[in-house]
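The structure appears right after this line, and notes come after that.
Please treat every number below as a calculation from the coordinates, not as lab data. A quick note: this is a predicted structure, and the numbers were derived from the prediction, not measured. Cβ: placed from backbone, ideal geometry, glycine included. Neighbour counts: every protein chain shown.
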Amino acid sequence: MSTSHDAHADDHGHGHHGSPFVQHHYDDAQHQFDSGKLGIWIFLAQEVLFFSALFVAYILYRVHHGEIYSYAHKWLDVKMGAINTAVLITSSLTAAWAVRCAQLNQRRGLIFCIAATIACACGFLVIKYIEYSHKYHEQILFGRYFDPCETPGGNPLITKSNDCPGRLGTVKWDFGAGKATEGCFESSTIDLDPREPGVQAECEVFEVKLGHDGKPEESSKKPITNVCAPKIGHGEEWEKNKFPCWMPSYQPAVCPDLTDPAKRAQGAAGRPQVGIIVSYGEDDHEHRPHSIIKAECKKPAPPPAVDLTTEVEHHKLELGRGLAKTHVEEHHGHDLLYAGPPPEHTNMFFTIYFAMTGLHGIHVLVGVFVFIWLLIRAIKGQFTPDYFGPVDYAALYWHIVDLIWIFLFPLLYLIV
Amino acid sequence: MATAPHHGHDDHGHGLAHVAAIKVLLATGGTLLLLTLVTVISSKIDFGGASINLAIAMVIAVTKATLVVLFFMHLRYDRLFHSVVFCSAILAATLFVGFTLMDTDQYQQTNIWNPTAPPMAPVGPRAING
């Protein structure tokens, strides 16, 4: 012990190979390199365990709620994920090449490879930022912040916060085109089944006050127009005198197993329903609890008229802010997998998605800083064939980041 | 394999570790990119069930991961002990998943909704900000 220490003291701790970065407490450069390498491998093993906790969450939830995964992944953009996979693989290649350059004392190659790795890592983060910001704007987020503006198929969803950018005041629902368009709803007609041609019902919507005995007073019947306020910009005030107004709502039911056609054909699976949504202005809100919404719908003339009248108490059906809904009619529908609203607890998919890609993204970000540090050292010419440990260790770390993504990509983006 | 460390020595005398050949690096990178394309395309094809598609995607992912570990991470040419460290981490992760899934079917089905009146979120025109 003491003799070896003396030997190093004579050497000034710099070994026999000349690199000033070989520390005196190692026998030689090889000893230092191997110690570092063992250290980084143990760190990588820990990283595997670190991420495995999230993979357990993913697998467990997928085993129990596969329908959520097969629905929710449609919100993710496979193209973005695939590009990011390619970018990360390229960066892994340049990182491995950087190690080779360092080992062979190719300083310019080393600088180029490290710079390329940084560029790819930044590219990955930029693409991730584009994906995240799109999800932020569409409210496709984790936990209780999951409140998407549209289904993966592009059908608008009524959100809890109703804060979808650029969509405030969308009042026209074009069943033919299968999407909402802006402006006012011009005719009091509802297409009960969008798959059948033509309009199947004409509706009139009334508000009826409840008397002291709790019964509706027919004399107080007041038609509610379906001409809603024109579209206004985000954050502006609505023209309150135009309220209340109503609009039809097409809502396919959720079935427990949307992926199984046999189950979908029977029972509760995928039955579209049409409802009436009545919206109130804020000033109207206070004195409404003692009234009900009455919707009278009938099939338009040539076909014999069918009265689909339903009455629903307004205060019981209030959804969110000043929103009442009456259920009019049910129809059996087919293949509503992507037209329908998300299954319950779909937010869990995005909780897991953001946890996994977020933790991975943090690793990428850390990698960027590590490689910038390597770039500075490489420019200073500090890496030599007998001292390139940091390049090797950082590259190994980078490969494990790539490795995690190799699994995340098919598990999140490529679900069938 | 046994000759691999010597290869480095022959090249430069120092040889703290194996030097990856450019051909190997490029072939690995190319194969990884190709497999990425394959996995994307295979996800568009129905192989007769979601679980078969999942199995194919996972086989491709494991192949890609193996390539990264063996060639980019030099584990093929590295000390055996590093492989032991890494494989034990994979083993631990597998046990972790396995034990968690062990009681998967041991519980009664939880009815999260009434099948005759399933819960739903309304679809249609946007609610107007009241």
Legend entry - FRET efficiency for residue B:100 and residue A:219, using Cβ-Cβ distance with R0 set to 56 Å, rounded to 0.05: 0.30
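Want the number for residue A:49 to residue A:355: 0.36 nm per residue separation, take away the alpha-carbon distance, what's left?
108.6 nm
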Inset, instruction - Sort the following peptides by mean Cβ neighbour count (other Cβ atoms within 10 Å, averaged over residues), highest first: B:24-33, A:390-399, B:69-78. - result: A:390-399, B:69-78, B:24-33
Legend entry - Peptide-level mean, for A:381-393, of C-beta atoms on other protein chains within 10 Å: 2
Inset, instruction - Per residue of B:16-29, count partner chain C-beta atoms within 10 Å of its C-beta, then hand back the mean as an integer. - result: 5
Legend entry - Using a Förster distance of 51 Å, the FRET efficiency for residue A:79-residue A:35 (Cβ separation, nearest 0.05): 0.70
Inset, instruction - Mind sorting A:114, A:68, B:45 by how few other Cβ atoms lie within 10 Å of their own Cβ, fewest first? - result: B:45, A:68, A:114
Legend entry - Amide hydrogen neighbours beyond the local backbone of residue A:224, cut-off 5 Å, H modeled: A:205, A:206, A:207
Inset, instruction - Quick one: grab the alpha carbon gyration tensor of the stretch B:29-91, order the square roots of its eigenvalues as a ≥ b ≥ c, and give me rounded if a/c is under 1.5, else prolate or oblate depending on whether a/b is larger than b/c. - result: oblate
Legend entry - Residue-by-residue Karplus 3J(HN,Hα) for the stretch A:103-117, coefficients 6.51, -1.76, 1.60, Hz, glycine and proline x: 5, 9, 6, 8, 5, 5, x, 4, 4, 5, 5, 5, 4, 5, 4
Inset, instruction - Give me A:71, A:26 ranked fewest to most by other Cβ atoms within 10 Å of their Cβ, as a rough exposure proxy. - result: A:26, A:71
Inset, instruction - With 18 Å as the limit, write out which pairs from A:37/B:64; A:79/B:23; A:79/B:44 have Cα-Cα distances beyond it, or answer none. - result: A:37/B:64; A:79/B:23
